[in-house]
Amino acid sequence: MPDTIEVYTGDVVTVEHVETLPDGGARFDLSTDDGRTWRVDVTRNGDSEIVTTKRDGTLADLDTPEWLDDVVARLSRA
């Protein structure tokens, strides 16, 4: 079940765990109410890599959100 995080910009980000990665990290879908979604791999040491981005379910070239590091840090502590 997805969780939500309110980030410092005031945006509410929905966080959904997709799968555990073989190296011990995890893959997450991070989405906002405006239809943008970032699929992000988070390593065990807290590094992140954007795998894909979508707008309204269609692949799109989205900028990295300024709140990404904040959300990844919270996920790394969980």
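At a glance:
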item	result
Restricting the stretch 1-17 to residues that are touching a residue at least 40 places away in the same chain (Cβ under 8 Å) and not β-branched (Val, Ile, Thr), the residue that is most open to solvent (accessible area, probe 1.4 Å)	8
Residues satisfying the stated conditions in the stretch 18-33, i.e. surrounded by fewer than 17 Cβ atoms within 10 Å (Cβ to Cβ), of a type outside the set (Val, Ile, Thr) and modelled with pLDDT of 95 or more	19, 27
The stretch 17-52, residues that are over 20 Å from residue 7 (Cβ atoms) and in contact with a Ser or Thr (Cβ under 6 Å, 6 or more places away or on another chain)	25
Conditions (1) charged (D, E, K, R); (2) on the phi > 0 side of the Ramachandran plot; (3) surrounded by 11 or more Cβ atoms within 10 Å (Cβ to Cβ): number failed by residue 56	(3)
Any chance residue 70 is at pLDDT below 95 and open to solvent by 40 Å² or more (accessible area, probe 1.4 Å)	yes
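The values are calculated or read from the model by the stated rules, or taken from the named source; none is laboratory data. Keep in mind it's a predicted model, so treat the numbers as computed, not measured. Because the Cβ atoms are built from the backbone with ideal geometry, glycine has one as well, and the counts that use them run over all protein chains shown. SASA here: full protein model, heavy atoms, side chains in, ligands and nucleic acids out. Shrake-Rupley method; radii C 1.70, N 1.55, O 1.52, S 1.80 Å.
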